[in-house]
Each structure stands twice: as structure tokens, then as C-alpha cells.
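Only the coordinates and a few stated rules stand behind these numbers; no lab work does. The structure presented is a predicted model; accordingly, all values stated were derived computationally and were not measured. Positions of Cβ are generated from backbone atoms using ideal geometry, with glycine treated the same way; all protein chains shown enter the neighbour counts.
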Amino acid sequence: MIPNEPALRDHLRSGLDIVFVGINPGAYSATVGKYFATPTNRFWPALSHSGIVKIDRDLLAGDEDWLNDVGVGFTDVVKRASHSASNLKAADYRYWAPRTLRKLEEHAPLILCFNGLTGYKAFARYSLTLQVKPELGEQAERIGKSRVFVAPNPSAANAAFSLDVITGWYQKLKELRDTLKTSH
């Protein structure tokens, strides 16, 4: 049975520049109620050094609320927590991905940034009924009015990408955001 209650609340509203879309909350993140909260996760250091948000300190799990006020939001493809995304089943994606799609279309951020090729591929399959072979960077597909960007999964379990590489992809995301904002 798929639980009806999300393990981690969304940080969404209309008018956001970027919404980061994780695969699903990690068990620790769900317990503490903060995105990317595991100390070894590289999301917060990469975001801090990317220039997406101007701040004179390193960003931390728990900064989601005020980031929402400066144009950055958070959600997940699947709202069920697990110790690893590999624990998710097709039924989780079938249940949650269409619900996530509706929220993303409703709030219509400028850019949706999926953290990980796996998450975007599953999202496209179960919510858009598309079989995609995504590569990192901007995607051809749009979700409503939103551009789609895929960055490496910042989880420490994804050892294929260093912190510097993940930061570089977030810098490309910043460039896309800045270009889109100046063209509007």
C-alpha cells in the first residue's frame, strides 16, 4: 500500500525561479524534516558555491524556507522516504509521479532541476509516459511552461561525480536561469 502522507513537505509556490526535484527523501532527511540533510550529501555545498543564491555563508539543510522566498523550491518525484532510492518500486513512481507533475504544472517555476538522471527518467516514464534517455543539462522536454534541467545526483552514494563537478552543473543551471530571466 502506498502511503498518502508525504515523508517530507514540499517548498513550492508560484513564481519560483528553480525547483530542485529529488528522487525521494532519504530516511534521515524525512526524520529531521529537511531536504538533503545527510551530512555527506553534497547538495548544500554545491549550491553554496554555485552562485545561484548570493549569501555570505554556506547554505545548510533547513534553509529551504527562506530559499523559497528568494526563488528556490524543493520537492521529490516520490514522497516516500527510504534508505536508498534503489528501494523504490514501480508502484511508488506510478503513485507519486503524476501527483508531482500536477504540483509542478500548477506552480510553473521557470526551471525544474531534477537531481539525477534516474529520477528524471522515472518521472518522465510514470508521469509524462515518455521513454527518455536524458543527459545532464537542459532537456528538450518542457513540463508546462517550465524548462527541465538535469544535474548529477548529489548523494554521497553517487561517487561518479565530485563536489566540483556537481557545483559546475549548478553553475550551468544558474547561467540558464540568468539567461531566461533577462530574456523575459
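Every residue, every condition in (1) aliphatic (A, V, I, L, M); (2) not in a loop (DSSP other than H, G, I, E, B), yes or no:
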{"site": "Leu16", "(1), (2)": "yes, no"}
{"site": "Ala30", "(1), (2)": "yes, yes"}
{"site": "Phe36", "(1), (2)": "no, no"}
{"site": "Asn41", "(1), (2)": "no, no"}
{"site": "Asp56", "(1), (2)": "no, no"}
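Could you please tell me which pairs satisfy a Cβ distance under 7 Å, a separation of 6+ or placement on different chains, a first residue in segment 127-152 that is aliphatic (A, V, I, L, M), and a second residue that is assigned to a loop (DSSP other than H, G, I, E, B)?
Filtered contacts from segment 127-152: Leu136/Pro152; Val150/Pro134; Val150/Leu136; Ala151/Leu136.
Please work out which one of (1) buried (at least 19 other Cβ atoms within 10 Å of the Cβ); (2) touching a helix residue (DSSP H, G or I) at 6+ places or on another chain (Cβ under 9 Å) is the condition Pro109 fails and give its number.
With (1) buried (at least 19 other Cβ atoms within 10 Å of the Cβ); (2) touching a helix residue (DSSP H, G or I) at 6+ places or on another chain (Cβ under 9 Å) applied to Pro109, the lone miss is (2).
Please work out if Asn87 is crowded, with 18+ Cβ neighbours inside 10 Å and either free of Cβ contacts under 8 Å to residues at least 40 places away in the same chain or of a type outside the set (Phe, Trp, Tyr) (or both).
Working: crowded, with 18+ Cβ neighbours inside 10 Å: no; either free of Cβ contacts under 8 Å to residues at least 40 places away in the same chain or of a type outside the set (Phe, Trp, Tyr) (or both): yes.
Here the answer is no, as Asn87 does not meet what is asked.
Can you tell me which residue is nearest to His83 (Cα to Cα) among those in segment 103-160 that are more than 14 Å from the chain's Cα centre (by Cα) and charged (D, E, K, R)?
So the residue we want is Arg125.
Out of all the residues in segment 68-120, which are touching a Gly at 6+ places or on another chain (Cβ under 8 Å), under 18 Å from Ala37 (Cβ atoms) and part of a helix (DSSP H, G or I)?
Passing the criteria: Ala85, Gly119.
Being under 25 Å from Leu110 (Cα atoms), within 14 Å of the chain's Cα centre (by Cα) and assigned to a loop (DSSP other than H, G, I, E, B): is that true of Phe20 here?
On the way: under 25 Å from Leu110 (Cα atoms): yes; within 14 Å of the chain's Cα centre (by Cα): yes; assigned to a loop (DSSP other than H, G, I, E, B): no.
Judged against the criteria, Phe20 is not a match.
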